[in-house]
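To start, the structure itself, in structure tokens.
Just so you know, all these numbers are worked out from the coordinates, no wet-lab data involved. What you see is a predicted model, and the numbers here were worked out from it, not measured in a lab. FYI the Cβ positions are ideal-geometry reconstructions off the backbone, even for glycines, and counts take in every protein chain you see.
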Amino acid sequence: MKKPISGFSKLNKSEKIEWLLKNSFSSDNNIKSILLQYCNSNEKLQKLHDEFAENTISNFYLPFAIAPNFLINNKPYTIPMVTEESSVIAAASKSAKFWLERGGFKATVLSTTKVGQVHLIYKGNFKILKKYFEKIKPKLISDVSSITANMNKRGGGIKSIELLNFSDKIENYFQIKATFDTHDAMGANFINSCLEQFSKTFKDNFKDTNEIEIIMSILSNYVPECIVKAEVCCEVDLLSDSSIINPLDFANKFVRAVKIAEVDKYRAVTHNKGIMNGIDSVVIATGNDFRAIESAAHAYASRSGNYKSLTKASVEKNIFKFSIEIPLALGTVGGLTKLHPLANLALELLDNPNSRDLMKITAVAGLAQNFAAIKSLITTGIQHGHMKMHLINILNQLKASEKEKEKAVEYFKTNMVSYLTVDLFVNKLRSNGKIL
């Protein structure tokens, strides 16, 4: 067993890398050069990136891409997306162009409420605790006035605060639940600061402070009242394109595909993962927290007790409708949204949206991604487009030259793409001596 190191965080980057090479790799294998080549030559910019996290030794790059031709509420957008998965950008762009010619996307924010909780243990009489809560409630709010002042000026702040009794589930467990509107900020630090002051005020002013034990004070990333809806619709006949031979058959098959994701969780997970391909890409590009967005979305998909599709589709009176309702707690101020130069650029590309507009744009990206995926699944099949996009990745794995790539791209326009078929094709080129 390796001896643990003390004071690692105090080492500079070079010292951290040297320790890593000495203790975690059996051979150098160009590891140091790989790490250093991904560091930014601009020292000021690299220092900014180093301070995003702890013990940084390099940068991990992901492609920063754009998907053009989106029309959302009659306003054109080019959407920034960060992802490493082949075909995500192509699919989003294809959907955007498809619906651009059919009126575009409509999006509406339904609510923007977020939740924070103080979890506590109290072994006394609940009536006494309840009475105390009602008495202390104005002080709970006044004691955070210094924290909420700026948020209140921007139109946000505390919306409600209540005491909940969960002692039937966990012995002596109670909760102070507060709701917030954080305006254009995601608001995690704001909410947590309020909650920690709530807990201090609540405990310190009780007649016997020993009777109350604060377990924790933390926001919830489940935001079922911070919801945005995005949708598209058109007459069934207008669905026709080169891959849709019979629009009515396509529409009915599309609806059935979504219905399957409503009743079968195995399909629903993959269905919703495709939605998150689009959503996460925008969330990352704009410097928001994709882990929080993911967890909230999947919890929302399970709100009925069964895990279901986040999208819905229907055909009524010859009108095809496709929509999504999803919780999206996003911010356009604070955090990395302003610190990360590319996140800042992404927001500028979107015309510096407020948080509500960013919710709409992000939901549309998820809906577009899901439409493209289902369209492929029920027509040409998902692999047809995906593997074409994946071809370059395979060629790079095989260390193909530029001339080999050109030959391969031409050949696989009409042939099936798989790792094996590409490997065989490249080796055949090399064995024949056609590519140097």
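Details
- Distance histogram for region 195-272 (every C-alpha pair counted, 5 angstrom bins, percent rounded to whole numbers): 3, 10, 11, 10, 12, 9, 6, 6, 6, 6, 6, 5, 4, 3, 1, 0
- Cα convex hull of region 8-50, projected area averaged across orientations, nm²: 3.3
- Pairs from the table (Lys169/Lys265; Lys265/Lys312; Lys253/Lys317) lying more than 26 angstrom apart at Cα are Lys169/Lys265.
- FRET efficiency estimate (nearest 0.05) - Cβ-Cβ, Lys399 to Asn30, R0 22 angstrom: 0.90
- For the pair region 229-255 and region 6-23, the centres of their Cα atoms are 57 angstrom apart.
- Within the chain, helix-based [θ] at 222 nm, where runs of 4 or more DSSP H residues each add -39,500 (n - 2.57), nearest 500: -15000 deg cm²/dmol
- For the set Lys13/Lys399; Lys114/Lys338; Lys127/Lys203; Lys130/Lys203, the pairs lying more than 19 angstrom apart at their alpha carbons are Lys13/Lys399; Lys114/Lys338.
- Dipole magnitude (debye, nearest 20) for region 1-111, charges at Cβ of Lys, Arg, Asp, Glu: 180
- Net lengthening on full extension, Glu18/Glu101 (0.36 nm per residue, minus Cα-Cα): 24.2 nm
- Distant alpha-carbon pairs in region 114-220 (separation over 22 angstrom), percent: 27
- Label-point gap, in nm, between Asn40 and Glu162 - each point 7 angstrom along Cα→Cβ: 4.6
- Cα convex hull, region 267-403: 176 Å³ per residue, rounded to a whole number.
- Size of the chain as Cα extents on the principal axes (Å, biggest first): 88, 69, 40
- Taken along its three principal axes, the alpha carbon spread of region 332-382 comes to 43, 20, 17 Å, from the longest extent down to the shortest.
- Tail fraction, Cα-Cα pairs, region 385-432, threshold 11 Å, whole percent: 63
- In this Cβ point-charge picture (+1 for Lys and Arg, -1 for Asp and Glu), the chain has a dipole of about 360 debye about its Cα centre.
- Relative to the longest principal axis of the Cα atoms of the chain, helix 13-24 runs at roughly 70 degrees.
- For region 196-209, 3J(HN,Hα) per residue [Karplus equation, 6.51 cos²θ - 1.76 cosθ + 1.60, θ = phi - 60°, Hz, x = Gly/Pro]: 5, 6, 3, 5, 5, 4, 5, 6, 5, 9, 6, 4, 10, 4
- Seen against the Cα atoms of the chain and their longest principal axis, helix 355-377 is set at about 40 degrees.
- Cα-based Kirkwood hydrodynamic radius, region 228-289, one decimal, Å: 13.9
- Applying the criteria of a DSSP loop state and at most 10 other Cβ atoms within 10 Å to the GluC sites (Glu not before Pro) of region 131-209 yields Glu171.
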